[in-house]
Amino acid sequence: MSKKGFLIDMDGVIYRGKEPIPGAIDFINKLKKEGHPFLFLTNNSQKTSRDVCYKLKQLGFNVGVEDIFTCAMATAKYLAMSKPEGTAYVIGEGGLLTELHKHGYAVIDDKPDYVVIGEGRTIMLESVDKAVNLVMNGSKLIATNLDPNCPTDGGKYRAGCGAFVAMIEFATGKKAFSVGKPSPVMMRMARKKLKLTTDETIMIGDTMETDILGAGAMGFTTVLTLSGVAKIEMLNDYGYAPDFIVNSIQDLMKDDLFNRVITKGALTTPELVHAH
């Protein structure tokens, strides 16, 4: 049997707020022990991979910087491949700026090749107006992701990257190209980073619109956890379904279920594998 590898969402899958989800640390240790390659995927462009790695280590995960892949990393890599040594006007924070610089991009505010929108807690209307004018004058609009909102501690939400992108799209009449989940760009980059084939790749996530939609469209095996955003009663709202549904990543510590995910079993509906 070929070796299977995992793409794993973070918030709602391996931790919630400032606490690891029970069983998550053991599951990552299991993957390392058994030699399954894995990569953490996040649509948050604020933090660098080193920042994300530090947080995971503080929570008790034995991981390295090489185990992190952010939408900021995917966006910078995509732009560098599309137009090497280009220029960008950026609304975003350190994670996005660091990756753009790392990939040879100059950040400017006059006639840039691209206007790049990422996550930001201090986005000002003045910078949005600047972005609108640049796009209307020919700069291409790029989004690190199109998430409309983001969960924060205490069960509250804040406006996500997609909300700000929608404002610029509406003002300019131009559509953004998004690189983060569920875009095939980020999914394909992550798979190639692990040197896996499509059939060898398994995505674990808690969001139908990003994790499951993106991975399913790529032909990856999909595992939906109910420990984050998604709830079982929501599944009838979608025209697609995950291959497996688990209450949390802890269920995958059970050898029988883990082996069924690895082999993708002979299953007809996701309800058949819902772990109780």
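No value in this document is a laboratory result; all are computed from the given coordinates. Everything numeric in this text was worked out from a predicted model, so none of it was measured. Heads up, the Cβs are rebuilt from the backbone with ideal geometry, glycines too, and the neighbour counts pull from every protein chain shown.
Close amide H partners of residue 40, meaning residues 5 or more places away or on another chain with modelled amide H under 5 Å apart, are 8, 68, 69. Counting only other residues whose beta carbon sits under 12 Å from that of residue 190, what net charge do I get with K and R as +1, D and E as -1? Counting the neighbours of residue 190, the net charge comes to +4. The Cβ shell under 15 Å around residue 161 holds other residues with a net charge of -2, Lys and Arg each +1, Asp and Glu each -1.
Only Lys, Arg, Asp and Glu carry charge here, each on its Cβ (+1 for the first two, -1 for the last two); on that basis segment 72-178 has a dipole of about 220 debye about its Cα centre. Excluding same-chain neighbours fewer than eight residues apart, the aspartates and glutamates reachable from residue 192 by a Cα-Cα span under 15 Å are 66, 67, 200. Taking 201, 48, 263 in turn, the Gaussian network model of the chain (Cα-Cα springs below 10 Å) assigns the largest fluctuation to 263.
In the chain, excluding the sites themselves, the longest stretch lacking any of the trypsin sites (Lys or Arg not before Pro) that are in a DSSP loop with at most 11 other Cβ atoms within 10 Å is 19-120.
Restricting attention to segment 72-178, the count of lysine pairs at 8 or more positions apart or across chains with alpha carbons under 23 Å apart stands at 22. How many percent of DSSP beta bridges within the chain run antiparallel, rounded to 5? Of all bridge pairs located within the chain, approximately 15 percent are antiparallel.
If each residue's Cβ is checked for other Cβ atoms within 10 Å, how do 90, 116, 65, 128 rank with the fewest at the top? Working shown, then result.
Details: 90 24, 116 30, 65 12, 128 16.
With the sparsest Cβ surroundings first, the list reads 65, 128, 90, 116.
Largest GNM mean-square fluctuation among 75, 122, 98, using the chain with Cα springs under 10 Å: 122.
Calculated [222 nm] ellipticity per residue, helices only, for the chain: -10000 deg cm²/dmol; basis is -39500 (n - 2.57) per DSSP H run with n ≥ 4, divided by all residues, nearest 500.
Antiparallel beta bridges, as assigned by DSSP with both residues in segment 72-178, represent about 20 percent of the total such bridges. Between the amide H of residue 15 and those of 21, distances stay under 5 Å, these residues lying 5 or more places away or on another chain, with hydrogens modeled in the peptide plane.
The phi-based Karplus calculation (6.51 cos²θ - 1.76 cosθ + 1.60; θ = phi - 60°) puts the 3J(HN,Hα) values of segment 181-189 at 3, x, 4, x, 4, 5, 4, 5, 4 Hz, whole numbers, x for Gly and Pro.
For a straight C-alpha distance cut-off of 20 angstrom, the lysines reachable from residue 264 (same-chain residues fewer than eight places away being disregarded) are 3, 4, 30, 195, 254. Gaussian network model of the chain, Cα springs within a sub-10 Å range: biggest mean-square fluctuation belongs to which of 94, 35, 160? Highest fluctuation of the listed residues: 35. Counted by Cβ distance under 11 Å from residue 76, the other residues give a net charge of +1, where Lys and Arg count +1 and Asp and Glu count -1.
Charging the Cβ of each Asp and Glu at -1 and of each Lys and Arg at +1, and nothing else, the dipole of the chain about its Cα centre rounds to 640 debye.
Pull up all non-local amide H partners of residue 222: gap of 5 or more, or a different chain, and H-to-H distance under 5 Å with H placed in the peptide plane. It is 203, 243, 244, by chain and number.
Distance between the C-alpha centres of segment 96-175 and segment 73-89: 14 Å, rounded to the whole angstrom. Along its first, second and third principal axes, ordered by size, the chain spans 58, 36, 34 Å in Cα coordinates. Computed over segment 72-178, the quotient of the alpha carbon radius of gyration and 2.2 N^0.38 Å is 1.02.
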